[in-house]
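Below is one structure, written out as structure tokens; comments come after it.
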Amino acid sequence: MTKRPDSGPLDARQVEDEDLRRIGARFAEGATPAARGVDALARYISVPNRMLIFYSSEDEAVHSYILRHWAALDRMSGEICDIYPSLMQIEGNEDAYSTIAELSNIPGASDISIRELPVILIWSDHAYAKIPIQCFSTDQIAVRTLFRHVFGALHDIGRGIADGDAQIITEAIRQAQAEVRLQDAPVIYVDRRTDMSTHNTAGPGSVIVSGGTTGDITLRQKWSESDVDMKALAAEFEKLREELRAGGRSPDHDIALGQVAAAEAAAKAGDRSGVMLALKSSGKWVLSTAEKIGVGLAVQAIKAAIGL
Amino acid sequence: MGPVRKTTVIDFLEWTRRHKPEVTALCQLGKSEFMGLVVEYERSKGVRTLDQRSNLYLKWESTQWIFASKSNDGEALAAIA
């Protein structure tokens, strides 16, 4: 980031251009956000869809594509969707891991698991779509093809996305997948957004679209609606926590312990969605430990939370 | 002190759009109005008090300075990394 002098502001366009050029990005005249010359909030309100691309510095194909083809992305998204890149993220000083935690008002953001990265999050006033693009992040051609089809779908929809648009988005992903001959299909979530006063929570009616089949209710939703004995579940989490405590003292272990402790507290409070939220980032170590000690209810909850 | 992250500003825009429909341009706000919004926004995220000497407050002040010093919010947003 260009350092700002103490006396007065730099011209924003100059800052943008210098930053983009310094990191090697290529862009066309008039393609930078600054060049749009409109009020950011008015633009935010008027554009029907917004997109954030969550990725870490390890996602080289996505990283490189954004650097080299920002102008193309901007042209493809047009007036139907705004993309908000973070230059610090592009430079590698900031990654998706820390960014996600701060976005409590962006629908669907709190539902993103670090293990899913890279992920595209598109949201409108009515719904959001979460598209893990790991299987497309093999090379830049796959990434370009994905974006072309996604923005094509958004243009076809022609308005802010709604939860009924899952089929169109799925078809676009399927076409992109076929074009670059990918075997693995991403699991796409399209959900109507809920009006969150403080923290974002997954709303009812989540639809999971997997491999082009629409209409299945998510595992998480199924679990939340199932008749689970929460008292027994809390007891199993306690047992699991004790087992995990004996298993290691690394920071990762402590994080996992905290997640299970939070799930235990939520289970004691009868808060099913709280259990899911607490466990959504839990890893295989937690699951395998739960399986090893035979806490079946906890295993089911963990599997549902992490989408297995 | 540098501004808050651009993604945080996007989150703030989403919160403002939803909770403050009367606000249509951030650069139209005076500093006290902007920081008042910020305090409400941060409170909604669980920050009970935003100390004026805290790094978070200073970052938001820096962000406000950028919004206030640009001719439109688009330029301001572009200047924030």
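Computed about the Cα centre, the dipole magnitude for the stretch B:6-79 is approximately 160 debye when only Lys and Arg (+1) and Asp and Glu (-1) carry charge, each at its Cβ.
I'd like the interface area for chains B and A: accessible area of each alone minus the complex, both sides summed, 1.4 Å probe, protein heavy atoms only. What is it in Å² to the nearest 100? That pair of chains buries around 3300 Å² in total.
Placing unit charges on the Cβ atoms of the charged side chains and taking the dipole of the stretch B:6-79 about its Cα centre, the candidate lying farthest along the positive direction among B:60, B:9, B:47 is B:47.
For the stretch A:149-167 versus the stretch A:52-70, the spacing of their alpha-carbon centroids is 23 Å. What translational diffusion coefficient, to the nearest whole µm²/s, does the stretch B:6-79 have by Stokes-Einstein, given a Kirkwood radius computed over alpha-carbon pairs, a temperature of 37 °C and 0.692 mPa s viscosity? It comes out at roughly 264 µm²/s.
The values are calculated or read from the model by the stated rules, or taken from the named source; none is laboratory data. In this text the structure is predicted, and so the values were computed from the model without any measurement. As a convention, Cβ positions derive from the backbone with ideal geometry for all residues, glycine included, and neighbour counts pool all protein chains shown. For accessibility, only protein heavy atoms count, side chains too; no ligands or nucleic acids. Shrake-Rupley method; radii C 1.70, N 1.55, O 1.52, S 1.80 Å.
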